[in-house]
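Peer 1: Quick one: the structure is below, and I'll ask about it shortly.
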Amino acid sequence: MILVLALVAAWLWLDGPWRWVAVGAAAAVEIGETWFWWWLSRRRPTAVGVETLVGRRATVTVPCRPDGQVRVNGELWRARARGAADAGDEVEVVAVDGLTLEVQQCA
């Protein structure tokens, strides 16, 4: 946007070499701004998919002996417990097998 404003200003109000200076400076700002936002958006990998649940804490809704159901981030998931977990227990997701979460008791 600043490049467009610089072009308009250079055409209407500036003379001679100042036109080129204004357009060049605006182009440099535009390139720098584009690079900054590109860099900022690429700092972290995108966190999507069921694999992002590993390490999260869940609440058991259906007793896991060994298969049951847990609630993670407000969503219900099938779960397989390493050991036994009763309804209301807090467990940690340690692995994912398809759409089944493998959980264990929190330490």
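Computed from the coordinates by the stated procedures, all read-outs in this text should not be read as laboratory data. Predicted, not measured: the structure shown is a model, and the values here were computed from it. Positions of Cβ are backbone-derived with ideal geometry, glycine not excepted, and every protein chain shown enters the neighbour counts.
Peer 1: Find how many whole Å separate the alpha carbon centroid of the range 1-53 from the alpha carbon centroid of the range 66-107.
Peer 2: Comparing the Cα centres of the range 66-107 and the range 1-53, I get a distance of 47 Å.
Peer 1: Sequence-distant or interchain residues sharing an amide H contact under 5 Å with VAL103, placed H: which?
Peer 2: Sorted by chain and number, the residues that satisfy this are ARG80, ALA81, ARG82, VAL94.
Peer 1: Continuing with the same structure: Which trypsin sites (Lys or Arg not before Pro) in the range 14-61 sit in a loop by DSSP (not H, G, I, E or B) and have at most 14 other Cβ atoms within 10 Å of their own Cβ? Present the calculation step by step, with values, prior to reporting the outcome.
Peer 2: On the way: sites: ARG19, ARG42, ARG43, ARG56, ARG57; in loops: ARG42, ARG43, ARG56.
Loop-located and lightly packed - ARG42, ARG43, ARG56.
Peer 1: Angle between the Cα long axis of helix 2-12 and the longest principal axis of the chain, 0 to 90 degrees, nearest 10?
Peer 2: Helix 2-12 sits at roughly 10 degrees to that axis.
Peer 1: Which value at 222 nm does the chain reach when only helices count, each DSSP H run of 4 or more adding -39,500 (n - 2.57), with the total divided by all residues and rounded to the nearest 500 deg cm²/dmol?
Peer 2: On the way: 2 runs with 36 residues, N = 107.
The per-residue figure over the chain is -11500 deg cm²/dmol.
Peer 1: Right, here's the next one. DSSP beta bridges in the chain, what fraction antiparallel, as a percent rounded to 5?
Peer 2: Details: 19 of 23 bridges.
Of all bridge pairs located within the chain, approximately 85 percent are antiparallel.
Peer 1: Report the label-to-label distance for ILE31 and TRP13 in nanometres (one decimal), using points 7 Å from each Cα along the Cα→Cβ vector.
Peer 2: With each label placed 7 Å out from Cα toward Cβ, I get 2.5 nm.
Peer 1: Please turn the phi angles of the range 14-27 into ³J(HN,Hα) values with the Karplus equation 6.51 cos²θ - 1.76 cosθ + 1.60 (θ = phi - 60°), one per residue in order, whole Hz, x for glycine and proline.
Peer 2: For the range 14-27, the Karplus-derived couplings read 9, 10, x, x, 5, 4, 5, 5, 5, 5, x, 5, 5, 5 Hz, x marking Gly and Pro.
Peer 1: Need one word for the range 66-107: rounded, prolate or oblate. Basis is the Cα gyration tensor (sqrt eigenvalues a ≥ b ≥ c); a/c below 1.5 gives rounded, then a/b vs b/c decides.
Peer 2: Since a/c stays below 1.5, the shape of the range 66-107 is classed as rounded.
Peer 1: Please work out the FRET efficiency for the pair LEU5 and ARG43, using the Cβ-Cβ distance as r and a Förster radius of 41 Å; give the result to the nearest 0.05.
Peer 2: Here the calculated transfer efficiency is 0.90.
Peer 1: For ARG56, list long-range residues whose amide hydrogen, built 1.01 Å from N in the peptide plane, is under 5 Å from its own amide hydrogen.
Peer 2: Residues meeting the criterion, in which the H sits 1.01 Å from N, are VAL93.
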